[in-house]
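Each remark here refers to the structure printed beneath this line.
The values are calculated or read from the model by the stated rules, or taken from the named source; none is laboratory data. Since the structure is predicted, the reported quantities are computational estimates derived from the model, not experimental observations. Cβ placement follows ideal geometry from the backbone for every residue including glycine, while neighbour counts extend to all protein chains displayed.
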């Protein structure tokens, strides 16, 4: 597998405050990386830095396998404003093609076809003319995932993609993301507080705090001291709930 993302000695923070440092990890094509850690450990800051929405305080991020930083699909945490966005489903999905347009003030036939294909993958074609703000939370996330797919054929970054969704819809979202990874070969990098459910599909785990605690395969993480302690804590102390 080709290396798509290499992070070397990253130091992340804002306004002069270091959130996490000494981050070293590699993401290869087809990987499913789950980023875990306590609140405030720098997970969302790392995602924003990978997207060039924030500059690292130190270190470097190298892309490979033909991946450009502006070609990474992004599903952000939803805000109240986003949930009330007054546009149609088709318009929002199409907007994921903006980077493909360059200086063109319109979408071409290929971009429109790509939007239709991704709406079909997310099973939202029947919602194409509906106003986004009228949809349920699960439907809105499918729309945003279809939009993210229009921006990439290689890598998706997902920041808490199931936050606020009910258990049934949450499971459906995880299955959709897993299918994109397995069947379409799209690399997935996901931040999630739903530790046991999220890592069930992961191939690799990055556990970060002020200093990184672990990077490696899911199997090694579940057998590690930090992995056992963290997964037991978030499974309510029942033990074993995060096993495959």
The condition of being surrounded by fewer than 21 Cβ atoms within 10 Å (Cβ to Cβ) and within 20 Å of residue 78 (Cβ to Cβ) holds, among 101, 131, 150, only for 131
Can you find a residue that is at pLDDT 95 or above and at positive phi anywhere in the range 40-47? no
Residues satisfying the stated conditions in the range 179-195, i.e. touching a helix residue (DSSP H, G or I) at 6+ places or on another chain (Cβ under 7 Å) and in a helix (DSSP H, G or I): 195
What pairs can you find where one residue is in the range 41-65 and under 8 Å from residue 10 (Cβ atoms) and assigned by TED's automatic domain parsing to the domain that holds residue 20, the other is crowded, with 17+ Cβ neighbours inside 10 Å and modelled with pLDDT under 90, and their Cβ atoms are less than 8 Å apart, with a gap of 6+ or different chains? none
Looking at (1) closer than 26 Å to residue 9 by Cα; (2) touching a helix residue (DSSP H, G or I) at 6+ places or on another chain (Cβ under 7 Å); (3) at pLDDT below 95, which one does residue 242 not meet, given that it meets all the others? (1)
Of the conditions (1) over 30 Å from residue 8 (Cβ atoms); (2) touching a residue at least 60 places away in the same chain (Cβ under 8 Å); (3) out of contact with any helix residue (DSSP H, G or I) (no Cβ under 6 Å at 6 or more places or on another chain), the single one that residue 150 does not satisfy is (3)
Only one of (1) in a loop (DSSP other than H, G, I, E, B); (2) touching a strand residue (DSSP E or B) at 6+ places or on another chain (Cβ under 7 Å); (3) farther than 19 Å from residue 50 by Cα does not apply to residue 221, and that is (1)
Could you tell me whether residue 59 is at positive phi and at pLDDT 95 or above? yes
For the range 95-114, give me each residue that is modelled with pLDDT of 90 or more and either under 19 Å from the mean Cα position of the chain (by Cα) or more than 25 Å from residue 179 (Cα to Cα) (or both). 95, 96, 108, 109
Scan the range 26-67 for residues that are surrounded by fewer than 19 Cβ atoms within 10 Å (Cβ to Cβ) and in a strand (DSSP E or B) and jot them down. 26, 28, 58, 59, 60, 61, 62, 63
Take the residues in the range 196-209 that are under 20 Å from residue 174 (Cα atoms) and part of a loop (DSSP other than H, G, I, E, B); name whichever of them is modelled with the lowest pLDDT. 200
Considering only the range 126-135, I want to know if a residue exists there that is outside the structural domain of residue 52 (by TED's automatic domain parsing), part of a helix (DSSP H, G or I) and closer than 19 Å to residue 51 by Cβ. no
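Could you please find all residues in the range 210-231 being crowded, with 16+ Cβ neighbours inside 10 Å and modelled with pLDDT of 80 or more?
Hits for the range 210-231 are 213, 214, 215, 218, 221, 222, 224, 227, 230, 231.
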Return yes or no: is residue 114 more than 19 Å from residue 162 (Cα to Cα) and surrounded by 15 or more Cβ atoms within 10 Å (Cβ to Cβ)? yes
